[in-house]
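The values are calculated or read from the model by the stated rules, or taken from the named source; none is laboratory data. Since this is a predicted model, take the numbers as computed values, not measurements. FYI the Cβ positions are ideal-geometry reconstructions off the backbone, even for glycines, and counts take in every protein chain you see. Accessible surface is based on the protein model in full, side chains and every heavy atom, while ligands, DNA and RNA are left aside. Shrake-Rupley method; radii C 1.70, N 1.55, O 1.52, S 1.80 Å.
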There are 2 protein chains.
Amino acid sequence: MLRASVPTNIAANPANHKQITSGETRPRVVIIGAGFAGLETARALSGAEVDVVLLDRKNHHCFQPLLYQVATAALSPADVAWPIRSIVSDQDNVIVIMADVCAVDTTSKIVRTKEGDSFHYDYLVIATGAYSSYFNHPEWAQYAPGLKTIEDATRIRAKILIGFERAEKGTSEAEIQKFMTFVVVGGGPTGVELAGSIAEIARSVLVRDFRRINPQSARIVLAEAGPRILSTFPTDLSDYTEKTLTDVGVEVITGRAVTSCDEQGVSLAGGERIETACVLWAAGVKASPAAEWLGVEGDRAGRVPVNEFLLIPGSSNVFVIGDTASVRGGGEPVPGLAPAAKQMGRHVGRHITAIVAGAKPRQSFVYRHQGDLATIGRKAAVVAFSRTKLRGFLGWLVWSVAHIYFLIGARNRAVVAINWVWEYITFQRGARLIS
Amino acid sequence: MLRASVPTNIAANPANHKQITSGETRPRVVIIGAGFAGLETARALSGAEVDVVLLDRKNHHCFQPLLYQVATAALSPADVAWPIRSIVSDQDNVIVIMADVCAVDTTSKIVRTKEGDSFHYDYLVIATGAYSSYFNHPEWAQYAPGLKTIEDATRIRAKILIGFERAEKGTSEAEIQKFMTFVVVGGGPTGVELAGSIAEIARSVLVRDFRRINPQSARIVLAEAGPRILSTFPTDLSDYTEKTLTDVGVEVITGRAVTSCDEQGVSLAGGERIETACVLWAAGVKASPAAEWLGVEGDRAGRVPVNEFLLIPGSSNVFVIGDTASVRGGGEPVPGLAPAAKQMGRHVGRHITAIVAGAKPRQSFVYRHQGDLATIGRKAAVVAFSRTKLRGFLGWLVWSVAHIYFLIGARNRAVVAINWVWEYITFQRGARLIS
């Protein structure tokens, strides 16, 4: 329990410690995960008569939609990350604790962490997100990193940049070709953005920096198992995206799944083998192990089924939201997008606020789809709102403005905007760091 | 040899490979290390009739004078680093290879790398810098990281930030005090800058972000073995610095060396023991192992003795420069500062240019001291030029302008300037990332 593991009575030296300001009688809401869903829950609980304990393994909230720009040397990690405690510093009823949750006991209403701490809750909100999924081939993970965290992004950045470094000192044609081949698996927005961005690095950014190799001759493959890339977008935008990617030098392969993946490359259904030192994984996700913690059966992607109030079946105080939840009931399935996660977080925050105030529980959660966006590269993006479709430069402008708007903090917005303008003008990238 | 390990005849596919443009008959200059000294050598060889091979373990040049700002969450790694091959991309006679040198054979004139490559040279320039030195206690390194590389800086950043995170969930007074105590060993410019900057984080940046601890009550100790901090500066500037540090809450301890260092803290001469989870080392440096490679005897700090042309004794083609060199001859010893490294690099580059052009070897190297600078924190720095001494806000302005001026690249200058203005106004720091 928080009071046991983090006792309030250690405040022997008043200069050194503030009391937890909350009264002991207020219900405690424990939120696990400070991604889009968890953070939005905390914000929606602002002003509620509760104590909020926000737990996360990291000290920072990561703006995942721009992670691919860290992975491709356009932005620095800190440009897309923000300290969680800074974000909620104005909200007196929230305490942030950096902790790695490993178990939940719904009978005793306790969350346990790997560090050995335990936190009592009255309401629990699980918003622990998703991981890359390798279709029953977890051994592929070591060769084909996915893009979910800041650490993933810097690892991928190093992998891409080291490819060119190794090629420059390569001793055989085959070796050089292998280091200059990049395969992105999965044709969703992240895969499209990674492939387009690597093409840009090879075609423009690095072009004058090597003496023995010609970076423009790099081979960039985007492999999608389904019949078309960007399958959640209207067909014509998929076609446009495929054409634009092809124009900038990406080989788009559809309808062929990856059948094996190792240190030397990948094989595709139908037999094609691609020798490469750099495979990146954007093909699928699996929910965090929340289903295991709760002892419930997850769906195919490991997501926890929740009812129309985002509660687990039979419970009135355990919510699961964001990429970890599978919302049952009528209507379309809720996609694993940032706006969906935020909507769920807001709904649960307001729901709890109403209950503790003695009001009726709120109405059911209804997902409102705001649109799909994906950027292809310099000056080209596709945007599908409910009635509007945009592509090309206009799509790219809308995409840029939307992403800067949703970034947290004035500094991040300014620095990201400057980086983008600078890159647009100079064809350079500011974060070409192997570390 | 480069031609053996990276043969020119692999250019079977002209689209894929450029020929090395150099003629085979030009002398080859191999430079090891792309710090201030090595990079300046390469630049000074621009236009010379030589082929330059620039080797570095990293892909980036690091602007060490601002590393402490990465370590204290003010700047991102990429703000103080720049890809080496970008810096020399306009200089056709330079090829950059990322490689980790492990041996030099001066008889066969070959440099060997850990990756198994070897590079023939006609002229060799060793500019491999220095490491943190622990006064015959290498085991202290694991507890007290020094600040020499980007990786050191992000490790120190995590160490400082994790201290406050652990304190926030601490269960005993002693534990919390230990995590909120920070000891910087060594009162040179780096130590002063680290201590001042940690004080700023504790006093201003984090102040509203914690609920159980009060970051302002953190204990920050700067421990110097000598009689005063900033010993290379005029005495009155040392006094001013000590007073200013004390005013912002740093405990300055002089005249007492560290006698032991472990996971739980440090002990000082005279018996004082400080329990802390965060010791940072800025107390001394040791040259890179160039003396071993060359089979010569280094001085007390492991530096290679060189003559007035920066050549090792008895050689006419092996130069050692920067923090790795100990310049013999009349005059003051050359300090381990960026301007000194650059001056040596420029001298050697011009010397080789003259020799290959058939001109007389240049005159002896003479170091010109340009001044000493150190920043203490927000609005305060000390600057000692030959006839001018500055302190306080004016010193800080001069320090800021000088450092932005010497940064490489317009983007870095703009981003660093924006970060500083933003931090100055908001008391926030943009890179509070534990990763």
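Structural remarks
- Figure legend. Inter-residue proximity from region A:357-374: first residues in contact (Cβ under 8 Å) with a residue 40 or more places away in the chain, second residues aromatic (F, W, Y), beta-carbon distance below 7 Å, spacing 6+ or different chains. Indicated pairs: A:P361/A:F309; A:S364/A:F309; A:F365/A:F309; A:D372/A:F233; A:L373/A:W399.
- The conditions of being more than 24 Å from A:A48 (Cα to Cα), out of contact with any strand residue (DSSP E or B) (no Cβ under 9 Å at 6 or more places or on another chain) and of a type outside the set (V, I, T) are not met by A:A81.
- Selection of first residues in region B:404-418 that are facing chain A (nearest Cβ under 10 Å) and of second residues that are of a type in the set (D, E) and part of a helix (DSSP H, G or I), restricted to Cβ pairs under 8 Å at least 6 apart or on distinct chains, gives the following pairs, ordered by first then second residue: B:N412/B:D79; B:V415/B:D79.
- Test: residue in region B:143-153 that is more than 19 Å from the chain's Cα centre (by Cα) and not acidic (D, E): yes
- Within region B:358-408, considering residues that are of a type in the set (D, E, K, R) and farther than 30 Å from B:E49 by Cα, the one most open to solvent (accessible area, probe 1.4 Å): B:R387
- Annotation note: of A:D90, A:D51, the sole residue that is under 28 Å from A:N307 (Cα atoms), among the charged types (D, E, K, R) and within 14 Å of chain B (Cβ to nearest Cβ) is A:D51.
- Residue count for region A:68-90, restricted to those that are crowded, with 24+ Cβ neighbours inside 10 Å, among the hydrophobic types (A, V, I, L, M, F, W, C) and assigned to a helix (DSSP H, G or I): 5
- Answer residue from region A:220-248, given it is under 18 Å from A:S197 (Cβ atoms) and surrounded by fewer than 18 Cβ atoms within 10 Å (Cβ to Cβ) and is farthest from the other protein chains (Cβ to nearest Cβ) among those: A:K243
- Qualifying positions in region B:154-188 - over 20 Å from the mean Cα position of the chain (by Cα), part of a helix (DSSP H, G or I) and within 11 Å of another protein chain (Cβ to nearest Cβ): B:L161, B:I162, B:F164, B:E165, B:R166, B:A167, B:E168, B:E173, B:A174, B:E175, B:I176, B:Q177
- Qualifying residue in region A:20-32 (condition: modelled with pLDDT under 95, open to solvent by 10 Å² or more (accessible area, probe 1.4 Å), facing chain B (nearest Cβ under 8 Å) and in a loop (DSSP other than H, G, I, E, B)): yes
- Test: residue in region B:113-131 that is part of a helix (DSSP H, G or I), open to solvent by less than 30 Å² (accessible area, probe 1.4 Å), under 30 Å from B:V258 (Cα atoms) and more than 14 Å from chain A (Cβ to nearest Cβ): no
- Test: residue in region A:414-425 that is of a type outside the set (V, I, T), buried (at least 22 other Cβ atoms within 10 Å of the Cβ) and not assigned by TED's automatic domain parsing to the domain that holds A:T154: yes
- From the options A:I274, A:I253, residue that is part of a strand (DSSP E or B) and either within 14 Å of chain B (Cβ to nearest Cβ) or within 12 Å of A:G187 (Cα to Cα) (or both): A:I253
- For region B:175-185, the criterion of a residue being of a type in the set (F, W, Y), under 22 Å from B:G226 (Cα atoms) and surrounded by fewer than 20 Cβ atoms within 10 Å (Cβ to Cβ) is satisfied by no position.
- Entry remark, region A:142-165: residues being under 23 Å from A:S267 (Cβ atoms) and open to solvent by less than 40 Å² (accessible area, probe 1.4 Å) number 7 in total.
- The residues of region B:97-108 that are more than 8 Å from every other protein chain (Cβ to nearest Cβ) and part of a strand (DSSP E or B), listed by number, are B:V101, B:C102, B:A103, B:V104, B:D105.
- Qualifying residue in region A:50-68 (condition: at pLDDT 95 or above, in contact with a Pro (Cβ under 6 Å, 6 or more places away or on another chain) and more than 26 Å from A:T154 (Cα to Cα)): yes
- Residue match in region A:320-330 (condition: part of a helix (DSSP H, G or I), without any contact (Cβ under 8 Å) to a residue 24 or more places away in the chain and not hydroxyl-bearing (S, T, Y)): no
- Within region A:123-143, residues that are without any contact (Cβ under 8 Å) to a residue 60 or more places away in the chain sit with their Cβ atoms under 9 Å from residues that are acidic (D, E) and open to solvent by 40 Å² or more (accessible area, probe 1.4 Å), at 6+ positions apart or across chains, in these pairs: A:E139/A:D262; A:Q142/A:E263.
- Leading residue by the ranking (farthest from the chain's Cα centre (by Cα)) among those in region B:217-243 that are under 25 Å from B:A277 (Cα atoms) and assigned to a helix (DSSP H, G or I): B:S217
Quick grid of which residues meet (1) at positive phi; (2) of a type outside the set (V, I, T):
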site: A:P335; (1), (2): no, yes
site: A:A338; (1), (2): no, yes
site: A:A357; (1), (2): no, yes
site: A:R378; (1), (2): no, yes
site: A:S386; (1), (2): no, yes
site: A:L390; (1), (2): no, yes
site: A:A410; (1), (2): no, yes
site: A:V421; (1), (2): no, no
site: A:F427; (1), (2): yes, yes
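- Put simply, of A:S316, A:S326 the only residue that is small (G, A, S) and open to solvent by 40 Å² or more (accessible area, probe 1.4 Å) is A:S316.
- Leading residue by the ranking (farthest from the other protein chains (Cβ to nearest Cβ)) among those in region A:132-151 that are in contact with a helix residue (DSSP H, G or I) (Cβ under 9 Å, 6 or more places away or on another chain) and in a loop (DSSP other than H, G, I, E, B): A:Y134
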